[in-house]
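Bear in mind these aren't lab numbers, they're just calculated from the coordinates by the rules spelled out. What you are looking at is a predicted structure, and each value in this text was computed from that prediction instead of being measured. In this analysis, Cβ positions are derived from the backbone assuming ideal geometry, glycine residues included, and neighbour counts consider all displayed protein chains.
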């Protein structure tokens with residue numbers, strides 16, 4: 001019996017999509033089940049990791065629905081995952097995949113990113129994906145990339161790749177949701193500070209417009 005990928009299942013069934021969205025915002029559902037199982041497995045195998053992407057944003061306080069789990073590993077950690085976990089609850093998302101997997105029970109996709117890779121267009125730049133052991137914090141028992149590094153990566157990705165504009169939107173929405181200050185930029189790599197300032201000022205302008213009394 002063939003098993004359908006999680007995101008395809010949601011696209012075909014609007015009622016199930018709504019149910020999963022509701023569950024997601026309550027930290028439930030297949031994506032959260034996949035997340036908890038995966039992080040527990042990594043800890044059991046003593047493979048260092050950090051959440052990155054949409055699940056990391058949620059851990060920091062900006063929640064938007066995501067259909068996959070992005071995990072940051074070292075190259076050695078990825079090799080250990082391939083050796084110890086693939087074929088034992090996890091499978092390649094497609095033939096030959098080395099960084100894209102699925103939980104064989106939930107069929108939720110898991111994307112692995114390794115230390116040293118570059119965000120966005122993948123080309124060398126001042127900002128790279130860090131070692132999860134030195135750039136993460138603990139949130140609710142999970143290792144999560146720090147908010148500084150997460151914003152930095154989102155900005156570097158969006159400014160270098162036209163197909164990654166969602167990352168800039170994530171950065172701006174996080175600025176608004178977490179009420180980050182303009183001088184938060186000082187905690188980021190110099191290469192992305194100007195863009196942070198630009199998004200911060202745009203967020204303040206949007207907030208001011210939203211707070212204007214009707215008719216003005």
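First check a/c for segment 146-195, with a ≥ b ≥ c the square roots of the eigenvalues of its C-alpha gyration tensor; if it is under 1.5, answer rounded, and if not, answer prolate when a/b is larger than b/c or oblate otherwise.
In terms of gyration-tensor shape, oblate.
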Tilt, helix 29-44 to longest principal axis of the chain (alpha-carbon atoms), in degrees rounded to tens, equals 70
Tell me, 187, 102 in order of fewest to most beta-carbon neighbours within 10 Å? 187, 102
Rank the residues 125, 12, 149 as a footprinting-exposure proxy: fewest other Cβ atoms within 10 Å of their Cβ go first. 12, 125, 149
Segments 131-137, 150-156 sorted - mean Cβ within 10 Å per residue, highest first: 150-156, 131-137
222 nm [θ] for the chain, helices only, -39500 (n - 2.57) per DSSP H run of 4+, per residue, to 500? -14500 deg cm²/dmol
Cα gyration tensor shape for segment 25-166, rounded if a/c is under 1.5, else prolate or oblate: rounded
Sorted by Cβ neighbour density within 10 Å, fewest at the top, the residues 111, 209: 209, 111
If one builds a Gaussian network model of the chain from Cα atoms under 10 Å apart, the most fluctuating residue listed among 199, 57, 180 is 180
With the Cα gyration tensor of segment 130-216 giving a ≥ b ≥ c as the square roots of its eigenvalues, does the rule (a/c under 1.5 for rounded; else a/b larger than b/c for prolate; else oblate) give rounded, prolate or oblate? prolate
Counting only DSSP beta bridges with both partners in segment 6-210, the antiparallel fraction in percent, to the nearest 5, comes to 60
